[in-house]
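Below is one structure, written out as structure tokens; comments come after it.
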Amino acid sequence: MSRRPYIREPSKTRWWLEQPRYVRYMMREISALFIGIYALILVVGLVQLSRGQAAYEKFLASAEGATGLVFAALAMFFAIYHTYSWFQVTPKAMPLTYDGKPVPGAIIIAAHWFGFVIVSAALWLLARS
Amino acid sequence: MGASKKPIIWGLFAAGGTVSAFLVPVLILITCFAAPLGLLPADALSYERLTELTQHSFNKLVIFGVLFLVMWHAAHRMCITAHDLGIRNDKLVMFVCYGLAAIGTLLLVLALLTL
């Protein structure tokens, strides 16, 4: 009679630390936490804007300081990671054919980054004007 | 057999992910970093400027569309990811994630209607 096989239970909370691609998966997913909190902060900003100048300026002041900057840096990192991971899967999410041949994935991804640069530059110029 | 609602939910999720991918980094740059680093004019986010911007119905609609999609995309993703992080109280997770998105949506509508 053979011994009972050893089965290691994977951790329910830390399984994703075991392989780099699981870590990348979790980074991609957790980006939603930072993006979601950022969106809620923007909503709070709009609420304060609707309550008048004093309330809005208090909101702006509360976002200053070290805590605000640390959150902003984290949010920026994860926002760009979301953009990167989202564009990486576009060739699979929406494969294109041109002239009967499949368009290479790298071109689809590059086109998205091109659009990203245009949209970002346009919004930046709008904010500057 | 009723039609599945999944295509609609997936469509909204995909739209939210795409809008987030294109807009959130530059929005963070403008709203969080431009002022402390002095990259934009001091009045870029001033009360006068933003209340002027939100006077137009079209701009209100764009702001609503962007924030609605981003919030629900993030809520849906966190809902699924909580399970992968070992949080198995699915009902509570759904309540918190979609509840926050719902409160955010309500506040957003109220703010835009007041402005």
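Criterion first (surrounded by 17 or more Cβ atoms within 10 Å (Cβ to Cβ), over 20 Å from the mean Cα position of the chain (by Cα), closer than 23 Å to A:T83 by Cα and at the interface with chain A (Cβ under 8 Å from one of its Cβ atoms)) does B:A34 satisfy it? Break it down into steps so the answer makes sense when it comes.
Working: surrounded by 17 or more Cβ atoms within 10 Å (Cβ to Cβ): yes; over 20 Å from the mean Cα position of the chain (by Cα): yes; closer than 23 Å to A:T83 by Cα: yes; at the interface with chain A (Cβ under 8 Å from one of its Cβ atoms): yes.
Taking the combined requirement at face value, the residue satisfies it.
Can you tell me how many residues in segment A:62-91 are more than 19 Å from A:L40 (Cβ to Cβ) and either within 17 Å of the chain's Cα centre (by Cα) or without any contact (Cβ under 8 Å) to a residue 12 or more places away in the chain (or both)? Can you show your working first?
Residues of segment A:62-91 more than 19 Å from A:L40 (Cβ to Cβ): A:66, A:80-81, A:83-91.
With either within 17 Å of the chain's Cα centre (by Cα) or without any contact (Cβ under 8 Å) to a residue 12 or more places away in the chain (or both) added as a condition, the list becomes A:66, A:80-81, A:83-90.
Of the residues in segment A:62-91, 11 are more than 19 Å from A:L40 (Cβ to Cβ) and either within 17 Å of the chain's Cα centre (by Cα) or without any contact (Cβ under 8 Å) to a residue 12 or more places away in the chain (or both).
Which numbered condition trips up B:I8, out of (1) within 11 Å of chain A (Cβ to nearest Cβ); (2) of a type in the set (A, V, I, L, M); (3) loosely packed, with under 12 Cβ neighbours inside 10 Å?
Checking B:I8 against (1) within 11 Å of chain A (Cβ to nearest Cβ); (2) of a type in the set (A, V, I, L, M); (3) loosely packed, with under 12 Cβ neighbours inside 10 Å, the one that fails is (1).
Residue check, A:P102 against (1) within 12 Å of chain B (Cβ to nearest Cβ); (2) over 22 Å from the mean Cα position of the chain (by Cα), all met but one. Which one?
Here A:P102 clears every test but (1).
Regarding A:R28, is this residue more than 7 Å from chain B (Cβ to nearest Cβ), among the basic types (K, R), assigned to a helix (DSSP H, G or I) and crowded, with 19+ Cβ neighbours inside 10 Å?
Considered against the rule, which asks whether it is more than 7 Å from chain B (Cβ to nearest Cβ), among the basic types (K, R), assigned to a helix (DSSP H, G or I) and crowded, with 19+ Cβ neighbours inside 10 Å, A:R28 comes out as yes.
Quick check on my filter: what residues within segment A:90-108 are outside any helix (DSSP H, G or I) and of a type outside the set (S, T, Y)?
Result: A:M94, A:P95, A:L96, A:D99, A:G100, A:K101, A:P102, A:V103, A:P104.
Output the residues belonging to segment A:55-89 that are more than 9 Å from chain B (Cβ to nearest Cβ), assigned to a helix (DSSP H, G or I) and more than 16 Å from B:C32 (Cβ to Cβ).
If the condition is that a residue be more than 9 Å from chain B (Cβ to nearest Cβ), assigned to a helix (DSSP H, G or I) and more than 16 Å from B:C32 (Cβ to Cβ), then A:A55, A:K58, A:Y81, A:Q88 are the ones that fit.
When you go through (1) at the interface with chain A (Cβ under 7 Å from one of its Cβ atoms); (2) under 12 Å from the mean Cα position of the chain (by Cα); (3) over 19 Å from A:L125 (Cβ atoms); (4) among the hydrophobic types (A, V, I, L, M, F, W, C) one by one for B:V24, which number turns out not to apply?
The number of the failed condition is (3).
Each reported figure results from applying straightforward, stated rules to the coordinates on display, with no laboratory input. In this text, all values refer to a predicted model and were calculated from it rather than measured experimentally. Reconstructed Cβ throughout: ideal geometry from the backbone, glycine too, with neighbour counts over all protein chains shown.
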